[in-house]
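FYI, it's all coordinate maths here, none of it is from the lab. None of the values given here were measured: they were computed from a predicted structure. Cβ: placed from backbone, ideal geometry, glycine included. Neighbour counts: every protein chain shown.
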Amino acid sequence: MSPLLKTILLLTCSNVFMTFAWYAHLRELSAKPWHVAALVSWGIALFEYLLQVPANRIGYQQLELGQLKVLQEVITLAVFVPFSLLYMKQPLSLNFLWAGLCLCGAVYFMFRK
């Protein structure tokens, strides 16, 4: 498997954990004190970091730092939109489209020769 593909897969899995760590407590732990939600989120975030750190190390072998960051942001939005719609039951909004188009512009400028 190519380093770029490994990076994308690891960052995608990392983002799933990150998204749940950052936002799932809003639905699942809203009746609990904030410090309980923080501890649960930190526990979930550990798995995010166990994937994110190797992903960035692998990706940095082939990508510039800015390219790696933009790739991360694209993956974040690709994970966040389905999470927001399916798990958090948020309404579909054109803002997702506009954000995606802005990221396409960022990808263009970071990856152009």
Just the residues that are of a type in the set (S, T, N, Q) and either in a helix (DSSP H, G or I) or more than 20 Å from TRP22 (Cβ to Cβ) (or both), please, taken from region 47-96. GLN52, ASN56, GLN61, GLN62, GLN67, GLN72, THR76, SER84, ASN95
Evaluate the following for SER2: is it free of Cβ contacts under 8 Å to residues at least 40 places away in the same chain and under 19 Å from PHE111 (Cβ atoms)? yes
From the set of residues in region 7-26 that are closer than 20 Å to GLN61 by Cα and among the aliphatic types (A, V, I, L, M), which is surrounded by the fewest Cβ atoms within 10 Å (Cβ to Cβ)? LEU9
Being in contact (Cβ under 8 Å) with a residue 60 or more places away in the chain and not β-branched (Val, Ile, Thr) is the requirement here; does ALA78 meet it? yes
